Each structure stands twice: as C-alpha cells, then as structure tokens.
Amino acid sequence: RKNGDRVRIAAQLIKAADGFDMWSDTFTREVKDIFAVQNEIAELIAKSLSLKMGLARPAATVDPEVVRLYLQGRQLWSLRSKAALAQMETLLTRALELDPRFAPAEAGLAQVWVIRAFVLAGAAPYLATELASAESHARKAVELDPTSAEAFEAMGTAALVRGELLQSETAF
C-alpha cells in the first residue's frame, strides 16, 4: 500500500500443503528510491527466514587450494589400496595444514583410518590404533561441522568394526 511518500509492504510465507501461515511481517518505508526499498526488504525477509528456519550460518571462505587438495584426496578414497590411502592422507593433512578448520578434510582422514582398519583387520594389534585414529578425526570433524555426514559415517563404521552395534546405529 502507498500513502504519499510512504509505502507499507506485507510479506507472508504460507505452507502450500495446508495453507498454514509459517511467517509474516510488515515493512513501512519512505519511498525515495523504490528499488532500494525493494532490496532492503528482500534482505530483511531473507535474514528473518534464515533465522526462523535455522538456516543462518556464517559465510565461510575456503582457500581454493584446500578444496583442491581435499577433492584430490577424496578421488583416491574409492581405490581403497594402501598406496592410495597413504596419498589421500598426505593430501588431506596438507589441506588441514592450510586450514585447520576445514571439516571435510578431518572427516576424510577419519575415513582413511576406517578403511585401514578393514585392510589391516587381519593384524589385530593395529586394529585398535586405526579405529582410535578414525574416531579422533571424526570427533574433530563433528566439532567443526555438526552436520558432517562423512564424519558420522566414519564413527558408525568404526563402531561396527568393533562390534558395537548400538553405537554404530546411533552414529549412522
């Protein structure tokens, strides 16, 4: 609605399935530049919806070199050979040296150690060490990113290898 040099805009988010009003707000502004008002209100709506829906996260800047190292490491994961795992570990460790808060690299290292536990399963003295390393990296990844599916998968697999089915199911 417009009244002189002022405008009032009502915005609503309605759930299409049942018509339930999920969110609404009203904005009243002076109209000097209608495009500036539109941009301001759009930003306020986006911010409000992000907070309401739990989507607000600080924007993270990631060094492209860290991402490159991570992706190269992840490419080796599917090979599951000792040599590929060693190379993957080197790449992910280098990524963490550049950015110690890069959760995907921590989760990737957890998966390296889980696969090593499978590969070395015949060498029982090493199994506990491998699984402990996997869990340590997985916990660190979850601290950095509580939504890391890779980290929870590594925790679940480590518990499964140890025969701890309840802990495995919880992590999965």
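Screening the chain for DSSP H helices whose Cα atoms reach 30 Å or more along their own axis and whose mean Kyte hydropathy is at least -1.0 gives 124-144. Rolling a 1.4 angstrom probe over the chain with all protein chains present gives an accessible area of which 57% lies on carbon and sulfur atoms. Dividing the summed -39500 (n - 2.57) terms of all DSSP H runs of n ≥ 4 by the residue count of the chain sets its mean residue ellipticity at 222 nm at -20500 deg cm²/dmol. Taking Lys and Arg as +1 and Asp and Glu as -1, the other residues whose beta-carbon sits under 15 Å from that of Glu135 total -2.
For GluC sites (Glu not before Pro), the sites in region 100-172 that DSSP calls loop and that have at most 15 other Cβ atoms within 10 Å are Glu164. Could you tell me the center-to-center distance, by alpha carbons, between region 145-169 and region 99-118 in angstrom? So the two Cα centres are separated by 13 Å.
Rolling a 1.4 angstrom probe over the protein heavy atoms with all chains in place gives the chain an accessible area of 64 Å² per residue.
The values are calculated or read from the model by the stated rules, or taken from the named source; none is laboratory data. Every value quoted in this text rests on a predicted model; they were computed, and no experiment measured them. Neighbour counts are summed over all protein chains in view; Cβ atoms, including those assigned to glycine, are modelled from backbone coordinates with ideal geometry. Heads up: the accessible areas ignore ligands, DNA and RNA and are worked out on the full protein's heavy atoms, side chains in. Shrake-Rupley method; radii C 1.70, N 1.55, O 1.52, S 1.80 Å.
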